[in-house]
Every structure is written in structure tokens, then in C-alpha cells.
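Written below as C-alpha cells is the structure these notes are about.
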Amino acid sequence: MSLDRNAEVQHLAEADRHVAVAERSIGHQLIEIERLREGGHNTELAEQMLETFRRTLQEMQEYRKHIIRTIEGIDAGEL
């Protein structure tokens, strides 16, 4: 079974978009946590969400690396 390099490049572009959205979400969540702290509010749930965002970003980055390895394998004639 041969893999389609163009499809993998499209997957990589989509993964890049998802990573960028996740990074922005983390930034927004950090700002929200600070806003809550400054207002004297409980930040526990917001911090839990931040941790979930970070774990999700890490998974996205790992998947992105997998796509890159797949493209490299196609280019090397291994896949």
C-alpha cells in the first residue's frame, strides 16, 4: 500500500492550523486565569481547563511529528 504524499501534506497543513488554534486557546486561558485571580475568584476550573488544553496541544504536536515522519518516509521511498 503506497501513501499519498499530497494527502499527507494536506494533513500536515491541517495539523498546523489545529496547533495554532490550540496555542491561541492556551494564551487566552492564561489571560482568563489572571483576570479571575485579580478579581479574587476561584481559578481551579480554569486551571484544569488550561491543563487539558496543554495536554491536547501535546497530542496534536505528536501527531504532527508522525505526519512529518510519514512524509519523510514517502520521500525516502520507504512507504
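Tabulated values for the structure
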| quantity | calculated |
| --- | --- |
| Pick from region 29-71, criterion among the polar types (S, T, N, Q) and more than 30 Å from N6 (Cα to Cα), ranking: farthest from the chain's Cα centre (by Cα) | N42 |
| Test for E72: is it out of contact with any helix residue (DSSP H, G or I) (no Cβ under 8 Å at 6 or more places or on another chain), surrounded by 11 or more Cβ atoms within 10 Å (Cβ to Cβ), more than 23 Å from A22 (Cα to Cα) and of a type in the set (D, E) | yes |
| Matching residues, region 30-48, being of a type in the set (A, V, I, L, M, F, W, C) and touching an Asp or Glu at 6+ places or on another chain (Cβ under 9 Å) | I33, A46 |
| Residue within region 29-44 that is touching a Phe, Trp or Tyr at 6+ places or on another chain (Cβ under 9 Å) and either aromatic (F, W, Y) or surrounded by 11 or more Cβ atoms within 10 Å (Cβ to Cβ) (or both) present | yes |
| Tabulated pairs, region 1-27, first over 30 Å from E51 (Cβ atoms) and assigned to a helix (DSSP H, G or I), second at pLDDT 95 or above and of a type outside the set (A, V, I, L, M), C-beta under 6 angstrom, 6+ apart or interchain | E8/T70 |
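The values are calculated or read from the model by the stated rules, or taken from the named source; none is laboratory data. All of these numbers come straight from a predicted model, not from anything done at the bench. When we count neighbours, we look across all protein chains shown, and the Cβ atoms used for this are built from the backbone with ideal geometry, even at glycine.
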